[in-house]
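To start, the structure under review is shown below, and the notes come after it.
The values are calculated or read from the model by the stated rules, or taken from the named source; none is laboratory data. Quantities reported herein were computed from a predicted structural model and do not represent experimental measurements. Here Cβ is always computed from backbone atoms with ideal geometry, including for glycine, and neighbour counts include all displayed protein chains. Calculation scope for accessible area: heavy atoms of the full protein, side chains included, ligands and nucleic acids excluded. Shrake-Rupley method; radii C 1.70, N 1.55, O 1.52, S 1.80 Å.
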Amino acid sequence: MTSLQPTESTDVVLVGAGIMSATLATLLNDLQPEWKLTVLERLDAAGLESSNAWNNAGTGHSALCELNYAPQAADGTVSATKALNINEQFQITRQLWSSLVENGTLGDPKTFINSVPHISMVFGEDHANYLRARYDAFKPNKLFERMEFTEDREQIAQWAPLTMHGRGAGRVAATFAPEGTDVDFGSLTNQLLRHLGGRNVSIQYGQQVTTLHRQSDGSWLVSVKDRLNRDNDRVIRAKFVFLGAGGGALPLLQKSGIKEAQGYGGFPVSGLFLRNVDPTVTSQHNAKVYGQASVGAPPMSVPHLDTRYVDGERAIMFGPYGGFRPNFLKQGSLLDLPRSVRAHNLYPMTRAGMANLDLVKYLLGELTKTRSQRIEALHEYYPTAQESQWELIEAGQRVQVMKKDKAKGGVLQFGTELVTSADGSIGALLGASPGASTAVPIMLNLLSKCFPSKMSEWEPRIKELIPAYGVKLNDNPQLADEIMGHTASVLGIK
Ligand SMILES: Cc1cc2nc3c(=O)[nH]c(=O)nc-3n(C[C@H](O)[C@H](O)[C@H](O)COP(=O)(O)OP(=O)(O)OC[C@H]3O[C@@H](n4cnc5c(N)ncnc54)[C@H](O)[C@@H]3O)c2cc1C
């Protein structure tokens, strides 16, 4: 209980205006239009942190090219299970986006999604053998049936010419998936929120949530600092709170005091990309080319050479180069990490840190790299790249989840984690991968955890928006053709 006096009431507070809150607000407004939603964003506009196009790689993650979703077992075999799960999740995302284009919520799909084939490319005997084993495991599956494999240099040069110009001798292997995509999550976030403005959804910028208190009736009092007008600091009462604050979600989750938050910590990883906007170069590359992580490198630091479509312009990005900064948000504070340490997460964080010393070493090594060392890494993928054409840009912060583990004391994990209270009155999204591409299934999961009694009422509408909701397309080949064919045609992708 607290003595704070609320001056406003709302049904739902969504903290943060990134892709997660935008997706949840879109779903809730459709399913329960009479609910009043309030989006509170500390910055002056939507999608300026991780969801911004230049702060992430824009890969429509569907496990077509990211090798970390299919690690090789000690006996040399590769399992497609995790990759299939990620691909199924992206199909759910594709279905919602298609419905939103069809009903006019989203504009021309080219403004947020473009067809960019996904390629995995590796060098040397071991990696080439692994890629072949991965291809053999993937190919029989419906969702990966269009994947091609080759070691023929001519063929790879046709798929991604820049990667083969001037390349020296040695074994090279690649897979090609024509249905890959590039996504501008910033544009998507803005379009979704723009559509919601005025529809019982209040979107307020410059509003920082500082703390929150649970009341005895299960509602929340959310304290808001107005960064534009100090006289407007206030308290909002909400029946449900979503912490979609990206890196800012962990500190707020800790302040909520819910017992489910116990033991969670965060490890921030910063990043840099190289960007080239010269049309004579960008016109020669239409692919996302993902490689194999080097020893000790975290999975999200696997280098890739990406075609990007942002604001109607084509660019190429290479990276990310990992690094370390203690901020939880790009526009956050250097004190974010030390301030997040609590008695309940100190042990798990220490254990997770001790078990990941090679990661820390890797990130420190990346931090101290010179520009010419970064260009050297680029040359592995694009041997004739000209240094003068590339500018270094700062990526978004990723706060990797650290949490308790019975056997190990504490673990560092690279996925996303939904934390909800037992009474379903609050939910928070931690972590970053596969991230924005899976915003739709993650938010559907949040709805089923926090509003279990509403799901049977909502399900018919969810199935109108996402016709294959609850169905595994990989196990239903005919339905897969129908759904994937339809979403491809609506979204203008393959
Ligand atoms: C380098 C990098 C590469 C990535 N590549 C990909 C990729 O290729 N494909 C992919 O699908 N995903 C990728 N991701 C992950 C993806 O970007 C994120 O999962 C996604 O953008 C997270 O969305 P969000 O809405 O949770 O957070 P954000 O977009 O970060 O939004 C959170 C918002 O909350 C606001 N906020 C924070 N604290 C407060 C507060 N106290 N009060 C009010 N507002 C607050 C912030 O200002 C921000 O606007 C990448 C991420 C990074 C960093």
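Side notes on the structure shown:
- The number of residues in segment 87-108 being farther than 15 Å from residue 195 by Cα and either modelled with pLDDT under 95 or not hydrophobic (A, V, I, L, M, F, W, C) (or both) comes to 8.
- Residue 30 fulfils the conditions (1) within 9 Å of the ligand (Cβ to nearest atom); (2) in a helix (DSSP H, G or I); (3) more than 27 Å from residue 414 (Cα to Cα) except for a single criterion, (1).
- All strands (runs of 3 or more DSSP E) inside segment 372-444 with 3 or more residues being open to solvent by 10 Å² or more (accessible area, probe 1.4 Å), under 25 Å from residue 472 (Cβ atoms) and not aliphatic (A, V, I, L, M): 416-420
- Matching residues, segment 265-277, being away from the ligand (no atom under 12 Å from the Cβ) and modelled with pLDDT of 95 or more: 274, 275, 276, 277
- Flag for residue 225 being within 14 Å of the ligand (Cβ to nearest atom), among the basic types (Lys, Arg), open to solvent by 20 Å² or more (accessible area, probe 1.4 Å) and touching a strand residue (DSSP E or B) at 6+ places or on another chain (Cβ under 7 Å): yes
- Among the residues of segment 236-260, those identified as more than 16 Å from the chain's Cα centre (by Cα), open to solvent by less than 30 Å² (accessible area, probe 1.4 Å) and under 17 Å from residue 338 (Cα atoms) are 250, 252, 253, 254.
- Residue in segment 56-67 that is in a helix (DSSP H, G or I), more than 10 Å from the ligand (Cβ to nearest atom), within 22 Å of residue 303 (Cβ to Cβ) and free of Cβ contacts under 8 Å to residues at least 40 places away in the same chain present: no
- Residue satisfying condition, being open to solvent by 50 Å² or more (accessible area, probe 1.4 Å) and within 19 Å of residue 42 (Cα to Cα), within set 199, 153, 171, 194: 194
- Residue count for segment 16-43, restricted to those that are closer than 15 Å to residue 237 by Cβ, among the aliphatic types (A, V, I, L, M) and open to solvent by 10 Å² or more (accessible area, probe 1.4 Å): 0.
- If you go through segment 449-494 and keep only what is more than 18 Å from residue 89 (Cβ to Cβ) and free of Cβ contacts under 8 Å to residues at least 12 places away in the same chain, you end up with 453, 455, 456, 457, 459, 460, 478, 481, 482, 485, 489.
Yes/no per residue for (1) of a type outside the set (A, V, I, L, M); (2) modelled with pLDDT of 90 or more; (3) closer than 30 Å to residue 117 by Cβ; (4) not in a loop (DSSP other than H, G, I, E, B):
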site	(1), (2), (3), (4)
337	no, yes, no, yes
354	no, no, no, yes
363	no, no, no, yes
366	yes, no, yes, yes
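- Test for residue 212: is it open to solvent by less than 20 Å² (accessible area, probe 1.4 Å), at pLDDT 95 or above, within 12 Å of the ligand (Cβ to nearest atom) and not in a strand (DSSP E or B): no
- Pairs with Cβ under 7 Å, 6+ apart, first in segment 188-204 and assigned to a helix (DSSP H, G or I) and modelled with pLDDT of 95 or more, second within 16 Å of the ligand (Cβ to nearest atom) and aromatic (Phe, Trp, Tyr): 188/112; 191/112
- Verdict on residue 102 being touching a helix residue (DSSP H, G or I) at 6+ places or on another chain (Cβ under 8 Å), open to solvent by less than 30 Å² (accessible area, probe 1.4 Å), farther than 25 Å from residue 316 by Cα and of a type in the set (D, E, K, R): no
- Residue in segment 146-163 that is within 24 Å of residue 430 (Cα to Cα) and under 27 Å from the mean Cα position of the chain (by Cα) present: no
- Residues satisfying the stated conditions in segment 115-136, i.e. open to solvent by 30 Å² or more (accessible area, probe 1.4 Å) and out of contact with any Gly (no Cβ under 9 Å at 6 or more places or on another chain): 125, 126, 132, 135, 136
- Subset tally (residues that are within 13 Å of residue 30 (Cβ to Cβ) and assigned to a helix (DSSP H, G or I)) for segment 460-478: 6
- Pairs are defined by a Cβ separation below 7 Å, a sequence spacing of at least 6 or placement on different chains, a first member in segment 38-51 that is within 20 Å of residue 12 (Cα to Cα) and in contact (Cβ under 8 Å) with a residue 60 or more places away in the chain, and a second member that is of a type in the set (D, E, K, R) and part of a loop (DSSP other than H, G, I, E, B); the pairs so defined are 42/227.
- Scanning segment 217-258 for residues that are in contact (Cβ under 8 Å) with a residue 24 or more places away in the chain and assigned to a helix (DSSP H, G or I) returns 246, 247, 248, 249, 250, 251, 252, 253, 254, 255, 256.
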